[in-house]
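Read the structure below first, then the notes.
The values are calculated or read from the model by the stated rules, or taken from the named source; none is laboratory data. Note that this is a predicted model, so its numbers are computed, not measured. Every residue, glycine as well, gets a Cβ built from its backbone with ideal geometry; the counts of neighbours run over all protein chains shown. Quick note on the areas: whole protein, heavy atoms, side chains included, nothing else; ligands and nucleic acids left out. Shrake-Rupley method; radii C 1.70, N 1.55, O 1.52, S 1.80 Å.
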Amino acid sequence: MKKILIMIMALTAAAVMLVAGCGGEKKEAAEKILRVGTEPTFAPFEFQKEGSKEYDGFDMDLIRAVGKQMGYKVEIQNMGFDALIPALNAGNIDVVAAGMSITDERKQAVTFSEPYYTSGLIIMVNKDNNTIKSLKDLEGKRIACQIGTTGEGKARSVAGAKVTAFNTNTEAAMELTNNGVDAVINDSPVVGYYLAQGGNKTAKTVGEVMEAEQYGLAVKKGNDKLAADINKALAELKKNGEYDKIYKTWFGEVKK
Ligand code: GLN
């Protein structure tokens, strides 16, 4: 009798351990982590409110929603814009969410999701500058931009221009205020937000928004499974109204 009792107790203990083991695995599965890289001087897409370590903005809300949809916990890492693609390829992050324009050149290095936002570059100058009205007028002039961006590419395409590429957009904008440059080239929605928020009362935009650029989330080249999962999540967020909700938070009306 005693032996049977001991056996039952042992079996019960084994069963409890087995269940606990399964539970443990489940817990791990629920805490899959999506490591996201961004460069947070790009409001309203990614920024940190003064004195805050939190990541705010359209891209940040979007990637958190995408991660949630995919069952991941999202962890955001702050790095230079030009460090994002190398970090992806080194396996230090899983996704770039940084208002990154989908370009043919970048497509050689990474795999992009479907586009999630349409943007384009614009020129910003000081209000008292009445000679610069277009890209052509920037020939031989001093231009500030952020390193590794499409804005830098555009600036470097201008004949005779003296281009200074800064680590952050904040520094590029500051250089214009300090009259260290004649113009800044950056993404239009970012310049628009900066001016509308009163970030700079002495600057203005000139000319039209240049050709359209599409933002995409980037993953390591060949990580087609993750790209497909992200696309699926994006499509679901568009269908269930979550994308529109996030869009409205940052841009007001929903662009159709
Ligand atoms: N959209 C631009 C690019 O991809 C700028 C991005 C940024 O500064 N975060 O280069």
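May I ask what percent, to the nearest 5, of DSSP beta bridges between residues of the chain are antiparallel?
Roughly 55 percent of the beta bridges in the chain run antiparallel, per DSSP.
Leaving ligands, DNA and RNA out of it, report the carbon-plus-sulfur percent of the accessible area of the chain at a 1.4 Å probe.
Carbon and sulfur: 56 percent of the exposed surface of the chain.
Using a simple spin-label model with points 7 Å from Cα along the Cα→Cβ vector, what separation in nm is obtained for Glu75 and Asn92?
1.4
Can you give the accessible area of Thr164, probe radius 1.4 Å, in Å² rounded to 10?
50
How much length, in nm to one decimal, is gained on full extension between Thr202 and Glu54, taken as 0.36 nm per residue of separation minus their Cα-Cα distance?
Using 0.36 nm per residue and subtracting the Cα-Cα distance, I get 50.4 nm.
Kindly provide the Kirkwood hydrodynamic radius of segment 143-218 in Å, to one decimal, from all pairs of distinct alpha carbon atoms.
12.9
Based solely on its DSSP helices, what 222 nm [θ] is calculated for the chain when runs of n ≥ 4 H residues each add -39,500 (n - 2.57) and the sum is averaged over all residues, nearest 500 deg cm²/dmol?
-12500 deg cm²/dmol
Per residue, how much accessible area does segment 171-229 show when a 1.4 Å probe rolls over the protein heavy atoms, in square angstrom?
48
Provide Phe251, Phe42 ordered by accessible surface of protein heavy atoms (probe 1.4 Å), highest first.
The most accessible residue leads, giving Phe251, Phe42.
Regarding the chain, what's the average projected area of the Cα-atom convex hull, expressed in nm²?
Across all orientations, the chain yields a mean hull projection of 18.5 nm².
Using only Cα positions of segment 121-256, each an equal point scatterer, no hydration layer, compute I(q)/I(0) via Debye at q = 0.10, 0.14, 0.15 Å⁻¹ and quote the log10 values to two decimals.
Debye output, listed in q order: -0.42, -0.74, -0.81.
Expected output is a single nm value to one decimal: the length gained when fully extending between Lys225 and Asp104, i.e. 0.36 nm times separation in residues minus the C-alpha distance. What is it?
This chain segment gains 41.5 nm when fully extended.
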